[in-house]
Number of protein chains: 2
Amino acid sequence: MKKIFSILLILMVLFSCKEKIEIKEINTAVHDLVDPLPSWNDVNSKQNIIDYVEDITNVGSTNFIQIPDRIAVFDNDGNLWSEQPAYFQLFFAIDKVKEMATEHPEWKTQQPFKAVLENDMTELAKQGEHGLIQLVMATHAGVTTDGFDADVKNWIAKAKHPTKNVGFDELVYQPMLELLQYLRANDFKTYVVSGGGVDFMRAFVTEIYGIPEEQIIGSRIKTAFDYNNGNPVIKRLPELDFIDDKEGKPLNIQKIIGKKPVFSSGNSDGDLQMMQWTASNKLKSFMLYVHHTDSIREWAYDINSHIGRLDKGLNEANEKGWTVIDMKNDWKVIYPFELDAN
Amino acid sequence: MKKIFSILLILMVLFSCKEKIEIKEINTAVHDLVDPLPSWNDVNSKQNIIDYVEDITNVGSTNFIQIPDRIAVFDNDGNLWSEQPAYFQLFFAIDKVKEMATEHPEWKTQQPFKAVLENDMTELAKQGEHGLIQLVMATHAGVTTDGFDADVKNWIAKAKHPTKNVGFDELVYQPMLELLQYLRANDFKTYVVSGGGVDFMRAFVTEIYGIPEEQIIGSRIKTAFDYNNGNPVIKRLPELDFIDDKEGKPLNIQKIIGKKPVFSSGNSDGDLQMMQWTASNKLKSFMLYVHHTDSIREWAYDINSHIGRLDKGLNEANEKGWTVIDMKNDWKVIYPFELDAN
């Protein structure tokens, strides 16, 4: 009997070890079976991404990349969410001008505010970049950082997209959410690097994208510290500090992240320098362009668009063999709410 | 016999579960037994830190802080490493001027370079802030980011501190390395927020501190992107971009991290605004000042020092009950190499 117990004791230890091995094997099997990008059709763009990730995470590969170097950067407007008929941040500025109008009777006769209050988008467009900056400064400055954060949160809770008639935060791309998740599951650190305002984005995208505030990079206005009798605040000033677009993107990546990304994703010529910077990494890198080709489910635009123009970027992508997503053909769904309908 | 096997099978399952529970219990016991801050004497500062960390990581505590909000910020010069008789970065600039002097014969007669080449520190001090900025621009700009990184790495591999006669990278504070590690073990994200140059620090402190490049924040000079015929580089320009000191610290924290820290550590009045900003967090926060009191093992200085002056900060710390480290009495060793001697 003692002998049997001894054997069983040994078996128990073995069983305990074997159990662990089996769990590991099951995990690996599940990993192989579960599609990491289920909203993508079986297309080249999807296969290229998976091939890249499997290569650089394989310790046996000559292209293996250490975890701290797995930096992935994503443009936001037109890349993680829609940007038509205008950048979502402009709708915030427009709604905010209307809300603030009672305190500013002078806006009734003063451009670009007059155009906004009269819903005259043609006139607003005529006001050009200078007009836009005036709108941004009137609605994004003159408050504390906490105050602005609350302004954006209040807005996003109610605002609806003018044609899609859903919240702006619902107009994120489901296939890109899956890509962000897939990269993080493979120990990439995912960043947003956008021309949009950094504090506008931080107010509500961290949960949607699963990206913390400190990994959101964007354009900024200047700020000032106020000790405020022991209740310190940071005030937002009506002056541009940094435009995170074109050359600004690699410059900001170097300033804030301090190392070159290995994975870069964008949709416009404004992302081209970020792509070039990533492509110059000595480690194996991946450049991904989103091409807006779906006029039914989203919008179709490229070389002639006033927003998110994609011209030089597309040429360089084709020339250098970067991966280009054809939204219409590559993606099963565009937005998360379409999943429920399926 | 079948019955015995059945019972033993049940026992095996129980054993397997119990084993896990036991491992957990052992881990907890080890956690309680192992001193997380072994180079600290049993002093108030140490106990305050441990009490704070145990409180805010306890899910049952009303002060519990979610992991994404566990942001800890550390000044560098005089807080994580020594800063006497001058900031270490100045020694880099001086050595670099001497190295570059053959290409700049005009420096023989031109201040502040003349003073550097003649080792005339009294004259160099007379050149004041303007002189220092000239030294920094001559040695930190006019190269690419990669080139500067290589410059600093080459320097740190050989340079010795003028009086301690060890590498500058050996003059980090062992007790603070333990504190960084202890906070990270409790899911804090640790940041350096220093008046020193961000790219100077990034070139060699990430390994020493266990802090990745993207969690090092500092002063910056301006940069420019150059496509360089398909081999893009970022050039360092001889112009200040941002001084990460005093009000600059909370401003940069908000710009880059985007949320308020809960733990802040510094050693000079230049850290006071960062402390005040952290103290204003609605979550329970911890403010820690290093007071340089050890004239034998390190240096003793505070209100009258030309470097790392601690005056208002010390008053405010005492007034508000922030924790102050008395280096002489609180720390068993100052530098890691003293551990080997023990």
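What follows draws every value from the coordinates through simple rules; no lab data is involved. Only a predicted model underlies this, so the values are computations on that prediction, with no experimental measurement involved. Every residue, glycine among them, receives a Cβ derived from its backbone with ideal geometry; neighbour counts consider all protein chains shown.
Taking the fewest neighbouring Cβ atoms within 10 Å as the starting point, the ordered list for A:Lys235, A:Lys255, A:Lys189, B:Lys282 is B:Lys282, A:Lys235, A:Lys189, A:Lys255. Taken residue by residue and averaged, Cβ atoms of other chains lying within 10 Å of the Cβ of B:250-256 number 6.
Here the label points at A:Ala125 and B:Glu319, each 7 Å from Cα along the C-beta direction, are separated by 5.8 nm in the simple model. Within a Cβ distance under 11 Å of A:Ile56, other residues only, what is the Lys/Arg minus Asp/Glu net charge? Cβ neighbours under 11 Å give a net charge of -3.
Given Cα pairs under 8 Å that are at least 6 residues apart, what percent is the relative contact order of the range A:87-181? List each step's numbers first, then the result.
On the way: 51 pairs, mean separation 21.6, N = 95.
Answer for the range A:87-181 is 23 percent.
The rule of thumb for compact globular proteins, 2.2 N^0.38 Å, goes into the C-alpha radius of gyration of the range A:184-327 1.18 times.
What separates the A:Lys164 label point from its copies, with the point 7 Å along Cα to Cβ, is 5.5 nm, written shortest first. The calculated pair-distance distribution of the range B:113-223 uses every alpha carbon pair, bins of 5 angstrom beginning at 0, and gives 2, 10, 16, 19, 20, 16, 10, 5, 2, 1, 0 percent. Between B:Asp35 and B:Gln47, the contour length at 0.36 nm per residue exceeds the Cα-Cα span by 3.2 nm.
As a rough footprinting exposure proxy, the listed residues A:Trp322, A:Trp331 were ranked by other beta carbons within 10 Å of their own, and the order from fewest upward is A:Trp322, A:Trp331. The amide H of A:His292, built 1.01 Å from its N in the peptide plane, has A:Tyr301 as neighbours under 5 Å, considering only residues 5 or more places off or on other chains. Modelled spin labels at B:Gln110 and A:Gln181, positioned 7 Å past Cα toward Cβ, are 6.0 nm from each other. Whole-Hz Karplus values for the range A:209-222 come out as 8, x, 10, x, 3, 6, 10, 10, 10, x, 6, 9, 9, 6 Hz, taken residue by residue from phi with 6.51 cos²θ - 1.76 cosθ + 1.60 and θ = phi - 60°; glycine and proline positions read x. Remark on A:Gly197: its backbone amide H falls under 5 Å from those of A:Ser219, a criterion applied only to residues 5 or more positions apart or on other chains, H modelled at 1.01 Å from N. The same position A:Gly142 in the other copies lies at 4.7 nm from this copy, comparing label points 7 Å beyond Cα toward the beta-carbon, shortest first. Ratio of Rg to Rh for the range A:40-175: 1.15 [Cα atoms; Kirkwood radius as inverse mean 1/r over pairs]. Over chain B, DSSP H runs of length four or greater, each weighted -39,500 (n - 2.57), average out per residue to a 222 nm ellipticity of -13500 deg cm²/dmol.
Ranked by the mean number of other Cβ atoms within 10 Å of their residues, highest first, the peptides B:127-134, B:215-222 fall in the order B:215-222, B:127-134.
Stretching the chain fully between A:Ala101 and A:Phe64 yields a gain of 7.7 nm (0.36 nm per residue, less the alpha carbon separation). Between copies, the label points of A:Asp187, set 7 Å from Cα on the Cα→Cβ line, lie 2.1 nm apart, reported in increasing order to one decimal in nanometres.
Is there a simple number for the mean count of other chain Cβ atoms within 10 Å of the Cβ of residues in A:169-180, and what is it?
Details: counts 0, 0, 0, 0, 0, 0, 0, 0, 0, 0, 0, 0.
Averaged over the peptide's residues, the number is 0.
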